[in-house]
Amino acid sequence: MPINRSPTRSLARQLRSNPTPAERVLWSVLRNRQFLALKFRRQHPIGPYIADFFCPGKKLIIELDGESHPSKEPYDAARTAWLIQQGYQVVRFTNPELLEDLDGVLSQLTKLCQDGNRILPLTKG
């Protein structure tokens, strides 16, 4: 009997096979419960979307935005609104932000994870 995989799951698997440099860096910190002993998944399907990184225990989604993202702002806004409506927290970082200031990004994620289910305003630098 053939396996019926949704296109979203197939795409997620493909994305896991070809991470961006920024995704590799962040995954090296998040994987195996290395970050605050929290479980994270990468390229995880949620409804019709794929989250770059997802922490089920905190219902936290971390998105890394590449260079093409300014043109995707309306899509990202609708996507984020849907995810928040479903009860998820969504936080976004740009690839350069992550690669140039990993400690700052991790500090912001630590504050967010330790503050329960509240979405904190994140500031650069």
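What the table shows:
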{"item": "From the options Q89, Q114, residue that is touching a residue at least 60 places away in the same chain (Cβ under 8 Å) and not hydrophobic (A, V, I, L, M, F, W, C)", "result": "Q114"}
{"item": "Qualifying positions in region 82-103 - surrounded by 13 or more Cβ atoms within 10 Å (Cβ to Cβ), part of a helix (DSSP H, G or I) and out of contact with any helix residue (DSSP H, G or I) (no Cβ under 8 Å at 6 or more places or on another chain)", "result": "W82, L83, I84"}
{"item": "Residue match in region 61-81 (condition: outside any loop (DSSP other than H, G, I, E, B) and at pLDDT 95 or above)", "result": "yes"}
{"item": "Any hit, region 105-116, residues being modelled with pLDDT of 90 or more, over 16 Å from the mean Cα position of the chain (by Cα), in a helix (DSSP H, G or I) and not charged (D, E, K, R)", "result": "no"}
{"item": "Within region 25-39, tally of residues that are outside any helix (DSSP H, G or I) and either in contact with a Gly (Cβ under 9 Å, 6 or more places away or on another chain) or surrounded by fewer than 17 Cβ atoms within 10 Å (Cβ to Cβ) (or both)", "result": "5"}
{"item": "Yes/no for Q43 being surrounded by 16 or more Cβ atoms within 10 Å (Cβ to Cβ) and at pLDDT below 95", "result": "yes"}
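The values are calculated or read from the model by the stated rules, or taken from the named source; none is laboratory data. Bear in mind that the values here come from a model prediction, so they are computed numbers and not experimental data. Backbone-built Cβ (ideal geometry, glycine too); neighbour counts: all protein chains shown.
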